[in-house]
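Encoded as structure tokens, the structure appears first; notes follow it.
Every number here is computed from the coordinates shown, using simple stated rules; none is lab data. Computed from a predicted structure; not experimentally measured.
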Amino acid sequence: MDLLEAIGWDFVVAEAKLAALLLLPGRHELASWAAEARATFEDVGARPYLRLLDELHPRARAETVGVAS
């Protein structure tokens, strides 16, 4: 994924991270990927992907919203 990020394919990386989170629920080592994917999806306004992340990690979203306000 580092190579994809290096060439600017951030959206593809975010999709891959989301796929991993969907396929491997409960893997704590992937927890940071939710926030990283969310940042990319927010940057481009990818609401369907953000909804999927919200369903996976509603607490993480609540914490992000709480920090922003």
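Would you give the gap between the C-alpha center of the stretch 1-18 and the C-alpha center of the stretch 20-41, rounded to a whole Å? Here the two parts' Cα centres lie 13 Å apart. Compared with the alpha-carbon gap, the fully stretched path from Trp9 to Glu42 is longer by 10.4 nm at 0.36 nm per residue.
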